[in-house]
């Protein structure tokens, strides 16, 4: 793909949920090496926007192009779930493996890797986020911060090209939030981040956009 083309381009995006508009005429462009933060009040549609970019929520209007390819239906979006690594706001929606390393290996297994290669990829991701010491820990025994790091390691184990992150530091203590921030900074990946965390915005954002009215603050 040409480096001057956007990784993600959503134009005129509209979404309705339960018969009411959630997003209306939203434009989102992510270029290589950008860390785009999506800001706005609760209920503005930030989570919906991320889910729509991966086809989990259908758009009622507008267009989505990912890696310069149009995405209109499930067959278009399904191959992107991996190259676009989505971190859910609630780690309980993402963690289901019996142990931390088995959970992190699940995505690589689904990508067609052998059990040994998937475990190796998972181990490297756990080291990347600094929780390799928790590899054999049952996921239900993790703290909130450990769960968020475990979920992030599962995303990184799939070696994504772009990260989509929904409130990655929400409800975390300062130490856990700082670790998540450090891991994201060190990843070097382009990302779209929905967040209320001003410290995270200040550290990582290269550009901001706001949903729900009002101009985006300077980043």
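Per this entry, residue 64 is counted among residues that are over 30 Å from residue 129 (Cα atoms) and buried (at least 19 other Cβ atoms within 10 Å of the Cβ). Selection within segment 129-143: residues that are assigned to a helix (DSSP H, G or I) and in contact with a helix residue (DSSP H, G or I) (Cβ under 6 Å, 6 or more places away or on another chain). The member of this set that is modelled with the lowest pLDDT is 129. Taking segment 31-123 and the helices (runs of 4 or more DSSP H) fully enclosed by it, the elements with 3 or more residues that are in contact with a helix residue (DSSP H, G or I) (Cβ under 8 Å, 6 or more places away or on another chain) and touching a residue at least 40 places away in the same chain (Cβ under 8 Å) are at 100-110. Scan segment 19-30 for residues that are more than 19 Å from residue 71 (Cα to Cα) and touching a residue at least 60 places away in the same chain (Cβ under 8 Å) and jot them down. None - no residue of segment 19-30 is more than 19 Å from residue 71 (Cα to Cα) and touching a residue at least 60 places away in the same chain (Cβ under 8 Å), so the list stays empty.
Here the condition is being within 27 Å of residue 22 (Cα to Cα) and at pLDDT 95 or above; of 161, 206, it holds for 206 alone.
Per the conditions (1) modelled with pLDDT under 95; (2) out of contact with any strand residue (DSSP E or B) (no Cβ under 6 Å at 6 or more places or on another chain), the sole criterion not satisfied by residue 67 is (1). Taking the stated definitions as given, is residue 122 within 14 Å of residue 102 (Cα to Cα), in contact with a strand residue (DSSP E or B) (Cβ under 7 Å, 6 or more places away or on another chain) and either modelled with pLDDT of 90 or more or surrounded by 15 or more Cβ atoms within 10 Å (Cβ to Cβ) (or both)? Answer is no for this residue. Of the strands (runs of 3 or more DSSP E) lying entirely inside segment 144-219, those carrying at least 3 residues that are surrounded by 21 or more Cβ atoms within 10 Å (Cβ to Cβ) and touching a residue at least 12 places away in the same chain (Cβ under 8 Å) are 162-166, 191-194.
The values are calculated or read from the model by the stated rules, or taken from the named source; none is laboratory data. Just so it is clear, the structure is predicted and the values come from calculations on it, not from any experiment. Here Cβ is always computed from backbone atoms with ideal geometry, including for glycine, and neighbour counts include all displayed protein chains.
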